[in-house]
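Structure first, commentary second.
Bear in mind that the values in this text are calculations on the coordinates, not laboratory data. Computed from a predicted structure; not experimentally measured. Ideal geometry is used to build each Cβ from the backbone, glycine not excepted, and the neighbour counts take in all protein chains shown.
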Amino acid sequence: MKWASDVDEYAPDKVQKILVGNKSDEEDRRQVATEQGVKLAKAYGMDFFETSAFTNHNITETFTRLAEQVLAANKKDLDLLRMSLNDELNLTALEEEEGLCDRAPGDQHKGCWC
C-alpha cells in the first residue's frame, strides 16, 4: 500500500499509526470487510478500529488508544522534560526562600528570571 509506505518513509520515527475503518453503521456501503482491515493492520503493525462518526461508535476508544501509543512512544522524552521542570521549580522555590526574588512593585524582571 502506497500510503503506508509513505508514512514509513516520510513520517518521524516515533509516529504512531492506527488503521480506522469508518461508517461501521452502514453495512450496505462497506468498502472493506472487517477481516481485510484486521489483516492489513496486522501486516503493517497497527491497531485496527471500526468506527462510526454518525453513531459515535469507537470514536473515543480510537483516539484514546492513539494517545496511549503517542505517550508510550515519547515516554523517555516526557520523563526528561518532567525532571527538567521539577529542577526549575525547585530552584525557583529555593531562590524565593533565600529572598533572591524579592523585587519592588514594577521591577518584574530585575534581580532574577523568576
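Overview of results
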read-out: Theoretical gain in end-to-end length, Ser5 to Ile18 [0.36 nm per residue, Cα-Cα removed]; value: 3.3 nm
read-out: Cβ-based net charge around Gln69, under 10 Å, with every Lys or Arg adding one and every Asp or Glu removing one; value: +1
read-out: Under 20 Å from the Cα of Lys14 - aspartates and glutamates, other chains or at least 8 residues apart; value: Asp6, Asp47, Glu68, Asp77, Asp79
read-out: FRET efficiency estimate (nearest 0.05) - Cβ-Cβ, Asn74 to Arg30, R0 22 angstrom; value: 0.05
read-out: Cα-Cα over 23 Å, subset of Lys17/Lys75; Lys2/Lys42; Lys39/Lys75; Lys17/Lys42; Lys2/Lys39; Lys39/Lys76; value: Lys39/Lys75; Lys39/Lys76
read-out: Simple Cβ-charge dipole of the range 2-74, Lys/Arg +1 and Asp/Glu -1, about Cα centre, in debye nearest 20; value: 100 debye
